[in-house]
Structures are given as C-alpha cells and as structure tokens.
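Student: Before I ask anything, here is the structure I am working with.
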There are 4 protein chains.
Amino acid sequence: MTVRRDLLLSGVISPVVTPLCKDRSLDQASFERLVEFELEGGVSALFVLGTGGEGPYLDMSQREDVVASAVKLVRGRVPIVVGISDIGTARALRNLELSLAAGVDGLVSTPPFYGEVSEAEIDLHFRTLAQAAKGLPLYAYDIPSKVGVKIPVTTTLRLAHEGVIRGIKDSSGDMDEFRRLCLALAGLDGFSLLTGSDSSADMALFEQADGMIAGMANVDPHGFARMYRAALSKDWAAARTEQDRLFSLRDITRAGLPRVSSFSATIGSFKAALVHRGVIECDALQLPLCELDDREKSVVADLVERAGLGPVAPA
Amino acid sequence: MTVRRDLLLSGVISPVVTPLCKDRSLDQASFERLVEFELEGGVSALFVLGTGGEGPYLDMSQREDVVASAVKLVRGRVPIVVGISDIGTARALRNLELSLAAGVDGLVSTPPFYGEVSEAEIDLHFRTLAQAAKGLPLYAYDIPSKVGVKIPVTTTLRLAHEGVIRGIKDSSGDMDEFRRLCLALAGLDGFSLLTGSDSSADMALFEQADGMIAGMANVDPHGFARMYRAALSKDWAAARTEQDRLFSLRDITRAGLPRVSSFSATIGSFKAALVHRGVIECDALQLPLCELDDREKSVVADLVERAGLGPVAPA
Amino acid sequence: MTVRRDLLLSGVISPVVTPLCKDRSLDQASFERLVEFELEGGVSALFVLGTGGEGPYLDMSQREDVVASAVKLVRGRVPIVVGISDIGTARALRNLELSLAAGVDGLVSTPPFYGEVSEAEIDLHFRTLAQAAKGLPLYAYDIPSKVGVKIPVTTTLRLAHEGVIRGIKDSSGDMDEFRRLCLALAGLDGFSLLTGSDSSADMALFEQADGMIAGMANVDPHGFARMYRAALSKDWAAARTEQDRLFSLRDITRAGLPRVSSFSATIGSFKAALVHRGVIECDALQLPLCELDDREKSVVADLVERAGLGPVAPA
Amino acid sequence: MTVRRDLLLSGVISPVVTPLCKDRSLDQASFERLVEFELEGGVSALFVLGTGGEGPYLDMSQREDVVASAVKLVRGRVPIVVGISDIGTARALRNLELSLAAGVDGLVSTPPFYGEVSEAEIDLHFRTLAQAAKGLPLYAYDIPSKVGVKIPVTTTLRLAHEGVIRGIKDSSGDMDEFRRLCLALAGLDGFSLLTGSDSSADMALFEQADGMIAGMANVDPHGFARMYRAALSKDWAAARTEQDRLFSLRDITRAGLPRVSSFSATIGSFKAALVHRGVIECDALQLPLCELDDREKSVVADLVERAGLGPVAPA
C-alpha cells in the first residue's frame, strides 16, 4: 500500500468520544485535551458524532456544541468529518445542514434506521444527502449491528462509481464482503476504503484498505499509527504484533458486560480508559447509557496498564 | 370483558397516519377528514406520531405541526396520545416536551434504539420520561421488529406495578408473552393492556386485553369497532368473523413487496387505501420511504373493495 | 368447531416422551404406564419419536425399540403417528421404512435440516417421503426454532391441496401464518390443522384448528382434554380458564434455565413431572441432553402440585 | 509461520465431495480420480463426510461405503479424517465406530444440532466422543451457519488444554474470535488451528493458523497449495494475489442462487466445476439437495475458465 494523495480520509481516523461533564453537557477542557492527544498520537482526521461519539443519542443543541467545538479546537490541522446518521432522511438532513454551517470537511451517514429499509430506500437516502451536501464528500457507514441492515455491495459499488459517496466505513465485520469491495474499488479516484474494526485493522490493510476508523484509537492513537506505518512499509509482522497488542487491549470493552449493554460497555470503557490516562475528566454517558462501575473501571485500568499505556504527560 | 372506567385507553385506538402533501408538508384538510372519519367510525382515542404516523421519520417542526393540528381538530372529543420514541433519552425528552406544551393526553414510547439496550437502560429510559411527563400517563410500546429488542416481561411488570407506565402497546407478535402480561396485570388499576396487532386482535381480546392500537383501523375503523363490540358482548364467533375479514384486508400491506421495504409497503398501503376511499388526498411518504406504484395501488383498491369498503360519503 | 370424522388426527394428540432407564435404554414398564396414563387422560392419538420423544437424538435400534413398543402397548386403541424427521431425505426414508414395517398409522416429518433449505427442496422432501409412504398419511411438522426455516405457507397449501400431506403440526409460534392456513384450508377433506403450542392451544381452537399436539399433554392429558371439550361445546371462557392453568404449569419448562439448554429444560421438566406424578421411573435423557438437578426438580414438583396435579393412583 | 511436525493436520486439507452416480450411489471411478487429483494438487490430508462431502445427508450404508473407499484409495499417502457430526451424541457415536473400524486417522465433529445446545452439552458431547475414539485425534468443527450455535471460545480453550480435542476447523466467519483462539493456542503441542474459509485463508495464515480446510480446494487444490507455500515463505503479496484469484473463483457458489439453497448452490457448483474439469463424471447430489441447471452450470464453467483452470490432463 502507498499513501494516496487523492483521499481526504486515509490512515488512522479517530472516531472521538464526546467528553461530558457530570451534568452531561460538553466538557470543553477535556475535549481540547482529547483533540490534542489524538493529533499528537498521529491520527490523520477526526470523526465526530459517530457511534463512539454518542452522536445518535444527542439532541440538536448538543450536536451543535460538539461540531462547533471540534472546528474551533482542530484549527484546520486535520480534516473533520461529522456523523449525521439519523432515523429518517429528513432528520439526517437537519444534521447535515448544521454541520455544513459549522464548516466541516466531510459527512458520514448510515442508512436510515427504525425497522429495515430496502435497497432502493438506502440508495435514495444517500442520493438525497449527497445533493444537499453542496460538494462536501459523503461517506457511507455500514454498521448492521446498530442499523439492522447491511448496505448491499451492489449499492455501495453503484454509489461509489457515480460519485455519490466518496468512501465507506465498513463496520460490518464481514471480511468477505469487504474484500469484494476492495477488489472492485481499489484505486477508484478519490474513494476511501476504510475499516471500522479495531480488532482486525491489520488484515484490512493487508486487503488494501486505505485506513481505519477505529474506536480504540481514542485510547491508543499511537499504537494505531505505528501499525499503519508498519503496513505502509510492508512490515506485516510488525503490523500484526501491534494489532495483537491492541486486540488484547480491546478486552476493556467487555469489563461492563453483561451488566450494561455492549454499547455502554464499549463507549464507557473508552471514556474510563481516557480518564485513567488523564486525558478526559469524567466518564459520564448520555442517557440511557450506563457508566461502568468502580470494579469494572479498575479492570479497565489494569488492562490499560498491561498494554503498556500509562498516564499521558501534561502538555 | 367489560369496559373499565379507570382507563384512558381502551377499545379501538387508531394510530393515525400523517397525511402529507406532495411536497411532504402536512396536508391539513386531509388530516381533518381523517380525524372525522376515525371518530365517526367509532375509535375511542387517537395515537399520533406512532410508527404508522411516520413519527420517528419527522423532524421537530413537522412533529410540532402534527401534534398541534391533532389537538385542534379533535377538540377534546377523544383522548390524544403522542409517540415520542427516539434514539436516545435526550431526544425522546425533546419530543415529550413538545407534546406536553401542545396539551395532549398521554405519551407513548418504545425503548431507545440504535443497537441493543440492556434491561437496566430500558428501565432508566422509562423512568426518566415518566418523571418529565408531569403526571401525564406514559405507555410503553413494545415493537422489537423496529427497535431490535423486546421489553422483558419482568421490566414491564415492575414499571406497571410502580406506576411508571400506565399501559403497554404490544406489537411483539409474541402471544405467549402477552398472555403472561394479561395473567399478571389483569385488573391493575388504571393500566391498559393493548395489542398492536391488527391481525389477531380478536385473540388478544379473548385473552382479556383492554383494546387494540391497530394500524388497519386507519382504513376500516368501523370494522374494528364492530369486532370490539362483539367481544364486549362475548359474541366470539362474530368477533372472529369480523377479524377474519380484516385479516384478508391486511393483504394490502403486501402489495408493495418486495419492491419496497415492509415499512413502506405497510404505511404506503394504508395511505393508498385512504386515498381510494376518498379520505385523504395524497399517498406521499416521508423520505426515504417509497410510495406504492400504480399497479400496486390498484391491487390495494381491489382488496379494499373486496372487503366491502367503498368510498366514504362526503360529510 | 365440530369433530370431523374424516380426520385421523384431531383433538388432543400426545407427543409422548421416551422413558429411559438410567443406562438410556428404553424403560418398557414406564412406557406402558405412560401410554395407559395418556389414554385414560383422554388423548385421541399418540405421536412417538417427535421432538418431545427425543426422536432426532436416537439411533436406529433405539428408534426401532420405541416404535415396536408403542404399537404393542397401544393395541390399536388410538392411532399412532411416528416422527421420521432427519437431516436429509435419505435418512428420513430409513426412518420411514422402519415405521412402515412396524405397522403404525401415520408419519410426521419436519423439512430436512443442517443449514437452510430452499422452498423447492422442502417440496421435494415431502413428495419423496409421501411416495414412499404407501398410502400412510404424512404430516408436515413446522418447527423453525429447531429446523432453522419455516415452511412457507404457499408450500403447505400446495402440498395440502395435492394430497401430499394430510395435515400440519404448527409449532412456529406465528399465529398470523397459522390463521392464514386455517382460513385457506378449513374443511379440506381429510386435512388436519394442528397446533404444536401448549400455551395458546385455546386460541388455535378458537381459530378453527382441529386439535393440538402439545408437549405438556404428557404431564396433564386430562387438562388438555377438558379444554378441548370446552372448545367443542363453545364454552370459550372455560377453555381459556383451563389454558390459563396449563399456561402457569408451563413454568416447569423454565426451571432448568439457563443452566441447561431450553431443549433439555423442556423435555427434562416433562420427565421430572412424570416421575413426580408416579408415571415413569426415571428422568434420564439422551446424550448430550442434561437432566434437571435436584433443586430444579423440586421447583417442578411444586409447580405440578400448585397446578392441582397430584400423584397418579396406581391402575 | 513454519511447518510443525507435531501436527496431523496442517497446510491444505481438502474436504472432498462425495461423487455420486445418477442413482446416487457412490461413483467409485470418479472418487478415485478425485483423490488422485487432490493428492497431485498438493493437499496434505483428506476430510471425508464433511459438509462438502454431504456427510450429514448420507445414511449409514452410504457412509460406510465412502469411508472404506477413501481408505482403500488413499493407501496411507496422506491422513484421512472423517466427519462424524450428527444430531445427537448417540448417533455421532455410531458414525465414530464405523470410522474407527475402517482405519482412519482422525475424527471431526460439530456440536450436536436440532435446536440449540448449551455450553455444558457441547462440552459433554466432545468428551463423550473423545473417550470413545480410543486415542484417535478428535477435531471440533465450528460452523454456526449449519449448527445454529457457535462453540464458545472458552469451551474450545478448555477442551484444547485438556487434550480432548486436537484441533479446530473454524467455519464461523468470525475473524475476531479466531484471532482470540490463535493468540491463546498458538504453539499448543499437537493442536491444529485450521480455518474453514476458502475466501480469507490468506488472512487466517497471516493470523498464524496452521492450515485450512477449504471447500474450494476440491476444484483448485493447486491454487491453495501455492497460497500456502507463499505464506510459509512469508511472501504475503503472493499469498494475497493467489487468494484474490480464488476469491473470484468462489463466485461459482452463487450461480445457483436463489433458485436453490446456498448449500445446494455451493456443493452443486463444486461438483459442476469438477465435471467441467474432467475429474468426476456426474454432479448428482443427495436428496433433497438440487443440482445446478444447465444455464447455471455454464456460468460455473465460464468462471472456472476465467480463473485459469482448464480440463485436467488424464493421468
């Protein structure tokens, strides 16, 4: 693999969590520290209001806050893409307009959700959003575990070739279908093939993906950046070794199970780890998500230490 | 079964569709005709912004429009309950506040959705909403086909006994679990056991349900009212015969399959049938839902006629 | 409903368990007591080697034993139908031949299983079996929870109208599809519409089913016979009351959960209840199914007593 | 990766199809040609009566035929392992005894199936089989798409560490869980980590798997052998390129969809391709599986040619 200059998104993109105060308002100071930590760690772009950013759970004023803050904090050093996923197209359009107004660099959307949608409806959804995006690149986000439906490969191919979407974040866990996409779309001008997996990103790179949007990059951006550089230099053994370490770190996402949902367990563990590393202040989650309890947080802390990740030195 | 005076909701509740103009704004005149048609047909309450009302697909200003219009049109003749289901609790709270301000009689919510939620998170969601509802009755809406998770029976029982929820709309299709609820909650003061099925409402009444919120009541409120009266007078053969006719009418919801999603096929067929009966003007759906095509609409029209339902005489 | 003389199977059919000795050989004495108990309780036919009979788990010599014993013990007093379900058609044919040779009255088969099968393959399976059955009636057994696929309604209708199958045992739990079958097939000469549910058999009768093959009839044949007689005389309140009692009795099937699989928990509870009632000697199950432990058995015993079922008086 | 001398199974193991005559009896001459073709192609072992061998669909005398023929044809040149998967433990034991008597080198079993099984039941199943195997190595076969349940990682680890199983064929498609196994079991003495995927075998090797049992190796054993050799020499680009070609070849398994089940479409395409290459005579499948039709076979033939695979020269 080589770095492609035609892509807005490649390498390690961090789907940043949304740090909250105890009253669940945005914690600006923590957000600033998180942004600096990620950039220093080597990420090439930020994805705000994604699944890991609790985007779908926020109301409009909270969304506005997060997007505006991100733009202000990043100061153009890396691209910012914003999650605009919502139940239906009308609501996703509201999220899109808000993001456009704030001056971001790209948009990311799942298919609409609340019951299943047909292929035609998925197609219409993305076309409607792309038309409203005024040239800003739109990325499809394939996450059937949340949305209930996988974007058919044929739909992705059609939308890609027509330029409706400029990339895909594949969080489907279906490596065969991702391989099909890679074989069909490798080298398509301006199109980013991104895995959403933080457990098999090495294999996605091996399959010629352009990069990854990996939740765990919140906690260890340096590790993901090392893996990506190893892959770029075709040192696959080093890439795999780094991934193996990150794979073990990923046990933090199980600490809360089965007491809380896997969603709370995952985002909750990212925040708990970032608190432990001294990056953010508080691990509060949006209602009705449930934070980890003290015992679970100490499991997270142990795993973080065991992965060689200590507190972050103050800037 | 007997009519219980302690219930806000019993009998036939119509989950009214949201009639749209071609530009997808609310069609006030059609909405007025629909409300009068439903009331004349014998429904005992209206449920707006439910699944059939495309509630989850509307943005905030559209929601505001629908609720305000419903209140104005109904003029207190029957109770109005409003669907406030949304991805997370924060957003459902925004929907709740909007409904409170408009002066409705009750609120209906599914669990939060976007990936699965744990039992504790479902519990927290309903408690948070109930607390914000300022005494207005809150109803749980159990529809795993859309939400991805069934509300556990133990959760429903706990929330019911503590007065957090004042009833349940069971659209799970699981008759055994509904029977369990009926056996456990029959006669609980002020608690409404409602089926969301329009294909086996006779059996739910036979199981001692208090009523039904049946999508097909949009199209044939008179039929559902006859079935309910037959059940009240324990004329089970008549109730079943009426249900059998409505069961066949329900084939209209398949006319659009598999071209469109089952969601579009269902709501689209309700609107097409109401256009055919002269109640509403236009069958437009919210994006990205897809309307039935001409051939599919003529199938709907045939089935409507075959069920003995002609055009509605002008008021 | 009225009793139809054209049916081999109607009323209460007991899917008898296979009583085993501790070494897992057939316990002849217990089997004899069970057969007499069921007949005295009012069942109209026996179904051996069904799911409840652990049929799919037995090897050929065990199957041979059970069928031969059943024929010998029943002495023609009621019809015997035999489960011949197996992975593929070739193996089901072996089970069929064994049953034919033993002189039984009918055959019951699921679709083949081990991964999914297409509609064409289901059709071919039943046609091949029917051809080999030499005029003995063949019944389709629809149990997607075990087989992984639901028999499509269109397949059932075609096979029914062509006389390939002479009835269906519907254990799908899908009351809407069962209603569709009832509406389409009611009164078809010689065709039995049977529910496999022991929790909503009253509703199936209300929907015009001809009878039920209910696992719980092993434990309380008298109760099911009373429900059926109430339904025959259109005393629906009495039928429902009886079903409600049986519904509560069905909690015995949860006593082993989640320690053992739901399969072991169900069959294990039937056997434990029959041991408690003094009908069979031992609750052993085929490997790898796991018997209930002592605590779980005492839960079963309590529930059996609470349902008004004491030890059976010696004949 | 290096070749480990402590393993019975490593490298490319071919799960050979069972060539049938038109009357569905074993086609001995075709079986002989197939065995020679696979050995010449470089496979290191044969797996008979697996899923691809239609094992679960055969009756006992057919099974006996296949195992005896395989032993006779292979003449000890490579190890033979036999699939003994069946509904319950008693029947798998019959299959095991038959295989023991024929003098094979190892045994492969899924968990029992027909509805779900608990972890304890899976554990008991494998222990019972291992005890009966008289020292012959037993391999676990994890194929939830057919069996309905995934073998929990904890169960695999326990059975591996206690020596109950000597390897695993992972056909779950879950690369994360497979990585977990690889990280935990790499280097365990005598334990083979095998992927059952023919679409991502390169990645499994990259993850340190010992080899693959790949259905497509029936059709192109040479290709899989080249991929394995490339991986052994750490030429990952070559391994991936070979896999990419095989990935495209795998489109043959879709030629029959959706007319037939995916099972028929897969095995049917292997046989059609082998007929086209002149290895076997006839593409007949066990009832109720359905062969490809002429149009579908010509699609298969085209794809086989396009993958650079011509007719096999007569030996």
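The values are calculated or read from the model by the stated rules, or taken from the named source; none is laboratory data. As the structure is a computational prediction, the values presented were derived from the model and not from experiment. A quick note on method: Cβ atoms are made from the backbone with ideal geometry, for glycine too, and the neighbour counts reach across all protein chains shown. Keep in mind that these areas ignore ligands, DNA and RNA; they rest on the heavy atoms of the full protein, side chains included. Shrake-Rupley method; radii C 1.70, N 1.55, O 1.52, S 1.80 Å.
Student: Which members of the stretch C:101-124 meet the condition of being under 24 Å from D:Leu287 (Cα atoms) and more than 19 Å from the chain's Cα centre (by Cα)?
Tutor: Matches in the stretch C:101-124: C:Ala101, C:Tyr114, C:Gly115, C:Glu116, C:Val117, C:Ser118, C:Glu119, C:Ala120, C:Glu121, C:Ile122, C:Asp123, C:Leu124.
Student: Now, a different point. How many residues are open to solvent by less than 10 Å² (accessible area, probe 1.4 Å) and more than 10 Å from chain C (Cβ to nearest Cβ) if we restrict to the stretch B:175-187?
Tutor: So in the stretch B:175-187, the residues open to solvent by less than 10 Å² (accessible area, probe 1.4 Å) come out as B:178-179, B:181-182, B:185.
Pick out the ones that are also more than 10 Å from chain C (Cβ to nearest Cβ) and you get B:181, B:185.
Residues that pass the stated criteria total 2.
Student: So, of the residues in the stretch C:88-97 that are within 7 Å of chain D (Cβ to nearest Cβ) and among the charged types (D, E, K, R), which turns out to be surrounded by the fewest Cβ atoms within 10 Å (Cβ to Cβ)?
Tutor: Among those residues, the one meeting the criterion is C:Arg94.
Student: Restricting attention to the stretch A:207-230, which residues are within 14 Å of another protein chain (Cβ to nearest Cβ) and within 20 Å of A:Glu38 (Cα to Cα)?
Tutor: Those that are within 14 Å of another protein chain (Cβ to nearest Cβ) and within 20 Å of A:Glu38 (Cα to Cα): A:Ala214, A:Gly215, A:Met216, A:Met227, A:Ala230.
Student: Separate question: Residues in the stretch A:247-262: is at least one within 26 Å of D:Leu232 (Cα to Cα) and not basic (Lys, Arg)?
Tutor: yes
Student: Let me ask something else about it. Conditions first: (1) outside any loop (DSSP other than H, G, I, E, B); (2) within 11 Å of another protein chain (Cβ to nearest Cβ); (3) out of contact with any helix residue (DSSP H, G or I) (no Cβ under 6 Å at 6 or more places or on another chain); (4) open to solvent by 20 Å² or more (accessible area, probe 1.4 Å). D:Val275 passes all but one, so which condition is the exception?
Tutor: (2)
Student: Does the stretch C:238-254 contain any residue that is more than 27 Å from C:Leu193 (Cα to Cα), open to solvent by 10 Å² or more (accessible area, probe 1.4 Å) and at pLDDT 95 or above?
Tutor: Within the stretch C:238-254, one or more residues are more than 27 Å from C:Leu193 (Cα to Cα), open to solvent by 10 Å² or more (accessible area, probe 1.4 Å) and at pLDDT 95 or above.
Student: Only residues that are aliphatic (A, V, I, L, M), within 24 Å of A:Asp189 (Cβ to Cβ) and surrounded by 18 or more Cβ atoms within 10 Å (Cβ to Cβ): list them for the stretch A:141-163, please.
Tutor: A:Ile151, A:Leu159, A:Ala160 - these are the residues of the stretch A:141-163 that are aliphatic (A, V, I, L, M), within 24 Å of A:Asp189 (Cβ to Cβ) and surrounded by 18 or more Cβ atoms within 10 Å (Cβ to Cβ).
Student: For the structure I just gave you, tell me whether C:Glu38 is of a type in the set (D, E, K, R), surrounded by fewer than 21 Cβ atoms within 10 Å (Cβ to Cβ) and more than 17 Å from C:Leu194 (Cα to Cα). Working first, answer last.
Tutor: Details: of a type in the set (D, E, K, R): yes; surrounded by fewer than 21 Cβ atoms within 10 Å (Cβ to Cβ): no; more than 17 Å from C:Leu194 (Cα to Cα): yes.
Spelling it out, it is not the case that C:Glu38 is of a type in the set (D, E, K, R), surrounded by fewer than 21 Cβ atoms within 10 Å (Cβ to Cβ) and more than 17 Å from C:Leu194 (Cα to Cα).
Student: Next question, about the same structure. With (1) over 18 Å from the mean Cα position of the chain (by Cα); (2) at negative phi; (3) open to solvent by 10 Å² or more (accessible area, probe 1.4 Å) as the list, and B:His222 as the residue in question, which single condition is left unmet?
Tutor: Every condition holds for B:His222 apart from (1).
Student: Starting from the stretch D:31-49, keep only residues that are within 25 Å of D:Asp59 (Cα to Cα) and of a type in the set (Val, Ile, Thr), then list their pairs with residues that are part of a helix (DSSP H, G or I) and open to solvent by 10 Å² or more (accessible area, probe 1.4 Å) whose Cβ atoms are within a distance under 9 Å, requiring at least 6 positions of separation or different chains.
Tutor: From the stretch D:31-49, the pairs are D:Val35/D:Leu73.
Student: Any chance the stretch A:39-49 includes a residue that's at pLDDT below 95, touching a strand residue (DSSP E or B) at 6+ places or on another chain (Cβ under 8 Å) and closer than 25 Å to A:Lys146 by Cβ? If you could, list the steps in order and put the result at the bottom.
Tutor: So in the stretch A:39-49, the residues at pLDDT below 95 come out as none.
No; the residues of the stretch A:39-49 include none that is at pLDDT below 95, touching a strand residue (DSSP E or B) at 6+ places or on another chain (Cβ under 8 Å) and closer than 25 Å to A:Lys146 by Cβ.
Yes/no matrix, rows are residues, columns are (1) among the charged types (D, E, K, R); (2) more than 14 Å from chain D (Cβ to nearest Cβ); (3) touching a strand residue (DSSP E or B) at 6+ places or on another chain (Cβ under 6 Å):
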{"site": "C:Leu205", "(1), (2), (3)": "no, yes, no"}
{"site": "C:Lys234", "(1), (2), (3)": "yes, yes, no"}
{"site": "C:Ser269", "(1), (2), (3)": "no, yes, no"}
{"site": "C:Leu287", "(1), (2), (3)": "no, no, no"}
{"site": "C:Gly308", "(1), (2), (3)": "no, yes, no"}
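Student: When B:Leu138 is evaluated against the numbered criteria (1) open to solvent by 10 Å² or more (accessible area, probe 1.4 Å); (2) at pLDDT 95 or above, which criterion, by number, is the only one it fails?
Tutor: Result: B:Leu138 fails condition (1) only.
Table: residues versus (1) within 14 Å of chain A (Cβ to nearest Cβ); (2) in contact with a helix residue (DSSP H, G or I) (Cβ under 8 Å, 6 or more places away or on another chain).
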{"position": "B:Ala133", "(1), (2)": "no, yes"}
{"position": "B:Thr155", "(1), (2)": "yes, yes"}
{"position": "B:Gly173", "(1), (2)": "yes, yes"}
{"position": "B:Asp189", "(1), (2)": "no, no"}
{"position": "B:Arg240", "(1), (2)": "no, yes"}
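Student: Among the numbered conditions (1) closer than 20 Å to B:Gly41 by Cβ; (2) of a type outside the set (A, V, I, L, M, F, W, C); (3) away from every other protein chain (no Cβ under 14 Å), tell me where B:Ser298 comes up short.
Tutor: (1)
Student: Just need a number here: residues in the stretch C:279-297 that are closer than 22 Å to C:Val312 by Cβ and touching a residue at least 40 places away in the same chain (Cβ under 8 Å).
Tutor: Residues meeting the conditions: 8.
Student: Test A:Gln62 against the criterion of being more than 14 Å from every other protein chain (Cβ to nearest Cβ), among the polar types (S, T, N, Q) and either open to solvent by 30 Å² or more (accessible area, probe 1.4 Å) or more than 24 Å from B:Ala90 (Cα to Cα) (or both), and give yes or no.
Tutor: no
Student: Only one of D:Arg5, D:Arg24 is over 12 Å from the mean Cα position of the chain (by Cα), surrounded by fewer than 23 Cβ atoms within 10 Å (Cβ to Cβ), charged (D, E, K, R) and more than 14 Å from chain C (Cβ to nearest Cβ). Can you tell me which?
Tutor: D:Arg5
Student: Could you tell me whether A:Leu100 is open to solvent by 30 Å² or more (accessible area, probe 1.4 Å), more than 17 Å from A:Pro15 (Cα to Cα), touching a Lys or Arg at 6+ places or on another chain (Cβ under 9 Å) and not small (Gly, Ala, Ser)?
Tutor: Yes; evaluated as a whole, the condition is true for this residue.
Student: Let me ask something else about it. So which of C:Ser85, C:Ser109 ends up being over 24 Å from D:Pro258 (Cα atoms) and within 9 Å of chain D (Cβ to nearest Cβ)? If you could, list the steps in order and put the result at the bottom.
Tutor: Working: C:Ser109 fails: within 9 Å of chain D (Cβ to nearest Cβ).
The conditions single out C:Ser85.
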